[in-house]
Structure formats: structure tokens, C-alpha cells
1. Can you find, within region 99-112, the residue that is surrounded by the most Cβ atoms within 10 Å (Cβ to Cβ) among those that are in contact with a strand residue (DSSP E or B) (Cβ under 7 Å, 6 or more places away or on another chain) and either of a type in the set (Phe, Trp, Tyr) or part of a loop (DSSP other than H, G, I, E, B) (or both)?
2. Which one of these does residue 116 not meet: (1) of a type outside the set (S, T, N, Q); (2) modelled with pLDDT under 95; (3) more than 13 Å from the ligand (Cβ to nearest atom); (4) assigned to a strand (DSSP E or B)?
3. Among the residues that make up region 136-149, is at least one of them exposed (fewer than 15 other Cβ atoms within 10 Å of the Cβ), in a strand (DSSP E or B) and modelled with pLDDT of 95 or more?
4. Check whether at least one residue in region 72-95 is assigned to a strand (DSSP E or B), within 22 Å of the chain's Cα centre (by Cα) and among the aromatic types (Phe, Trp, Tyr), and report yes or no.
5. As an exercise: evaluate residue 121 against (1) within 15 Å of the ligand (Cβ to nearest atom); (2) assigned to a strand (DSSP E or B); (3) more than 16 Å from residue 74 (Cβ to Cβ) and give the number of the one condition it does not meet.
6. Name every residue in region 127-177 that is without any contact (Cβ under 8 Å) to a residue 40 or more places away in the chain and of a type outside the set (Asp, Glu), in order of residue number.
7. Could you tell me which numbered condition residue 89 fails, if it satisfies all but one of (1) among the acidic types (Asp, Glu); (2) within 11 Å of the ligand (Cβ to nearest atom); (3) surrounded by 14 or more Cβ atoms within 10 Å (Cβ to Cβ)?
8. Out of all the residues in region 73-86, which are within 12 Å of residue 131 (Cα to Cα) and more than 16 Å from the ligand (Cβ to nearest atom)?
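The values are calculated or read from the model by the stated rules, or taken from the named source; none is laboratory data. Just so it is clear, the model here is predicted, and its values are computed rather than measured. Here the Cβ positions follow ideal geometry from the backbone for every residue, glycine too, while neighbour counts run over all protein chains shown.
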Amino acid sequence: MSFAVSFGAFGELSGEAMCTTGWTHFPFDAAIYRTEHMRQFFASVALLLAACTPSKAPDIAVEHGWARATVAGQHSAAAYLTIVNRGGDDRLVEVSVPRAGHAMLHSSSMDGGVMRMRDLSDGLAIPAGTTVELAPNGTHVMLSGLAAPLLAGEEFPATLRFARAGTKDLAIKVVEASAR
Ligand SMILES: [Cu+2]
């Protein structure tokens, strides 16, 4: 029964977890029956592996949205916020801000003493169990096409769309231009 012997190695490898798969009732007499049991056996292994793979749902909170006030004639501004993820991996893929004509995710970095902004066209990774802060001199929401200046004290809504967690709304509070 060489078949049973080689199959036995699987039972060994997968340990006690296999006790519920019907392995102990493995029939040796009918080839077709054997095939069906093998199919069930491998389906069970696949299920066990899936159960062991981390696929925890993200648990996202968005908070502390703010932007600096702008002056008349200034059509772009940056907005900042904090994303807290108490669950599994996620990705911020889109930000929409009706108050501005256009909103996009940018990163900034110093390059030879010059601040450069880059469009995050693939979105922003929000790894499991992390807090990601969009802040001055780093990642920000670039607002453009502002029809009216952002006035200190006002508040406007933003909607963040995540690949897994869906959409989350938050308020962006406008602070004095000199803040931070
Ligand atoms: Cu920018």
C-alpha cells in the first residue's frame, strides 16, 4: 500500500489539525472513491492554510483634519490629517474635497535643498496597527482650484476612500496661516 505510505507523510506534516478531515476513514478499495477523498483532503488543507494566513480586516479611524488659511488669489493649499489603523493592512486610495476643485495625495521631500512634491498615484499604504500622519513637509492632501480662500475658523468636509475599509468622512478645520 505504497499510496497510503506516501499519503501518511501529509498526515504527519499537518499534525493534529488533520484529525477532522476524514483522513482516518480513507478507503483503499476504489480508485474513484480515493480521488474524491483526495480532493476533500486537499480542500481541507487549503482551508486550514487560509485560516492561518493573516487577513485581518482593517479598523480605520480618521481624525485631526486641518489646513492653513489661504489668502485671496491663492488657489491651492495643503490639508493634513491622521489615520489610525487598529486592524489589518489597508491603503488610502482617494481623497475627495468638494470645497476644492481638485484633491490629490502628494508626498514632499527635500531634494538638494529644494522641496519637491510627488503625486502618490498608487495611494498611500496604511499598514496594520499603525498611525499614519499627513503633516507639513511630508505626505499631504493637495487642494487645488480653490474658488474662495480658506478662512481661519471655517471647516469643510473631506472623504477618504480606502481599498478595504471603504470611505471615511472627516472635517478639515482651517487654522491661522502662521500655525505650526
Ligand atoms: Cu502638494
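1. Restricting to residues being in contact with a strand residue (DSSP E or B) (Cβ under 7 Å, 6 or more places away or on another chain) and either of a type in the set (Phe, Trp, Tyr) or part of a loop (DSSP other than H, G, I, E, B) (or both), the top hit is 100.
2. The failed condition is (3).
3. Within region 136-149 (the criterion being exposed (fewer than 15 other Cβ atoms within 10 Å of the Cβ), in a strand (DSSP E or B) and modelled with pLDDT of 95 or more), the answer is yes, since at least one residue qualifies.
4. yes
5. So the condition that residue 121 fails would be (2).
6. 137, 138, 139, 148, 153, 166, 167
7. (2)
8. Within region 73-86, the subset within 12 Å of residue 131 (Cα to Cα) is 81-86.
Scanning region 73-86 gives 82, 83, 84, 85, 86.
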